[in-house]
1. Given (1) more than 16 Å from the chain's Cα centre (by Cα); (2) more than 17 Å from residue 356 (Cβ to Cβ), where does residue 372 come up short, assuming only one miss?
2. Identify, please: which residue in the range 467-486 is assigned to a loop (DSSP other than H, G, I, E, B) and at positive phi and is, among those, farthest from the chain's Cα centre (by Cα)?
3. Quick one: is residue 260 part of a loop (DSSP other than H, G, I, E, B), at pLDDT 90 or above and of a type outside the set (Lys, Arg)?
4. Considering every residue within the range 151-164, establish whether at least one is surrounded by fewer than 21 Cβ atoms within 10 Å (Cβ to Cβ), in contact with a Pro (Cβ under 6 Å, 6 or more places away or on another chain) and more than 21 Å from residue 394 (Cβ to Cβ).
5. Among the numbered criteria (1) open to solvent by less than 30 Å² (accessible area, probe 1.4 Å); (2) at pLDDT 90 or above; (3) more than 18 Å from residue 159 (Cβ to Cβ), which one does residue 275 miss?
6. Only one of these conditions is not met by residue 145: (1) open to solvent by less than 20 Å² (accessible area, probe 1.4 Å); (2) under 30 Å from residue 79 (Cα atoms). Which number is it?
7. I'm trying to understand the selection: among the residues of the range 174-191, which are surrounded by 21 or more Cβ atoms within 10 Å (Cβ to Cβ) and not in a loop (DSSP other than H, G, I, E, B)?
8. Can we say residue 404 is touching a Lys or Arg at 6+ places or on another chain (Cβ under 8 Å), among the hydroxyl-bearing types (Ser, Thr, Tyr), surrounded by 12 or more Cβ atoms within 10 Å (Cβ to Cβ) and within 28 Å of residue 283 (Cβ to Cβ)?
Amino acid sequence: MSTEQRSFSRAQRVGIGSVGLILAALLATLALLPSTALGQTVTTTPGTTPAATTTTPTLTLSSTSGLPGATITANGAGFQASETVDVSFNGQPVGQPTVNAQGTWSLSFKVPSLSPGDYGVVAKGRAANDTASTTFKINTGGATLAFNPTQAAPGTSVVVAGAGFQPGETVTLTFNGPQVGTDTVDTNGDFSITFTVPASLAAGQYGVTATGGTSGVVVNMTYTLVAGPTPVATTAPAPAATATPQATAAPQPAQNAPAMAHDDRYFGQTGYRIDNDDVWGFFQQYGGITTFGYPTSRMMSFLGCPVQMFQRQIIQVCQGQGAALINMLDPEIFPYTKVNGSTFPGPDPALKNNTPQVGSPTYGQDILAFINQNVSDSAGGQPVNFQQHFNSTGGLTIWGAPISQPAPDPANGNFIYQRFQRGIMHYIAGTGTESILLADYMKAILMNQNVPADLADQSRESRYFNQYCPGQTMSLCRPNDLPGTDLTFAFVQG
């Protein structure tokens, strides 16, 4: 072998040896790396604790938009167990839930009375100082007006109660054009203005407008002036005819009606207080004035249960069942379709027959699908927002199931209605969606006061018409027609 060959062979051995040393060092280094770095699965030896991971708190809302006064639920996750969380809406505190062992919490609260727009909802843990946030949109159409009485003759004093306006702003009220009053909105978004209808006006419908000075919110409604007392039908039963109360003055029962406390449960707009704790809790839970309107009676017995009437609904407290709503639109209570010049859709038998049965094992999912299929945010080419209104004002608890499809008023294409078991939604083009004051009409029927002529024609033969007779047994004109009913002091303000 030549000298060159021996030198090459020696160099070759040295090179191979160096590569071996490098490979050995590399393998030793890899052996020291965590198994995850090599793409292997981590296994935890029993009794050992994996390394802690950091969880970012989250905040979600049951609804991302709605009207002032609507009840929504905030849900948090990833917070420190047992700590208190401060939840605020646009900087205003709305609750302080406690975190459970799983790091979650839930809080239901009412949307504050603020003008339409996007607002921040923030949840901050007191112990860990962690914060989560989201946004909620307050929709337009939240402001409402209510009248007491619901109709009147020229020269009558009328109370206009407003809700859903911006706290602290000044509201200006006009009637048939001229300004008739102003008031400052309270912290709940409410106001009240009393004015006298000009005696020179004739019977008919007149425009009423409330304008928020700061928010710019405008609510337009119509008010009906009647020429005088509604005549009693000649076919009415004799006891009713002899005991018909005068429509121009409230009935005067015995002067020993229980006094009312004038506290936060008392509503000066109508002169009634919510005494019953179950009714008060239900009223507060499901949107208060925005959902029910103002109370229009004392607690009384009606069809076997204690009840209290509000402008839109009747809340009953049947024994062992807690507070709930009467199905106002049951055929035996309020089957009427023509009221005060408006034509509501009647019940749709096919729709009623297809309503999921409450006792069904799949009722929960079936009724939601039924609502989604038959309650829409669009009808007749108009943005009626019926499903949105349904969800933001108590859902099935307040409305029950739909019993008609949406339908326009034959005499006014700007009005679209949908009938439910417990109420009628009313869309007004350019204004928004509200609910018909059904319980006000029911009260008018019971008292035979200010009943619209078309409604009187339909209800005269009902067992409810002209039943309120103060001074008689249970203040009923025909007690045999209404078993389980006692109207004593029912409509005495305090």
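1. (2)
2. So the residue we want is 471.
3. Answer is yes for this residue.
4. Scanning the range 151-164 turns up no residue that is surrounded by fewer than 21 Cβ atoms within 10 Å (Cβ to Cβ), in contact with a Pro (Cβ under 6 Å, 6 or more places away or on another chain) and more than 21 Å from residue 394 (Cβ to Cβ).
5. (1)
6. Of everything listed in (1) open to solvent by less than 20 Å² (accessible area, probe 1.4 Å); (2) under 30 Å from residue 79 (Cα atoms), residue 145 misses just condition (2).
7. Residues satisfying the conditions are 175, 191.
8. Yes; evaluated as a whole, the condition is true for this residue.
The values are calculated or read from the model by the stated rules, or taken from the named source; none is laboratory data. What you see is a predicted model; the values in this text were computed from it and never measured. Note: ideal-geometry Cβ built from the backbone for every residue, glycine included; neighbour counts use all protein chains shown. For the accessible areas, the whole protein counts, side chains as well, though only heavy atoms, and no ligand, DNA or RNA atoms are used. Shrake-Rupley method; radii C 1.70, N 1.55, O 1.52, S 1.80 Å.
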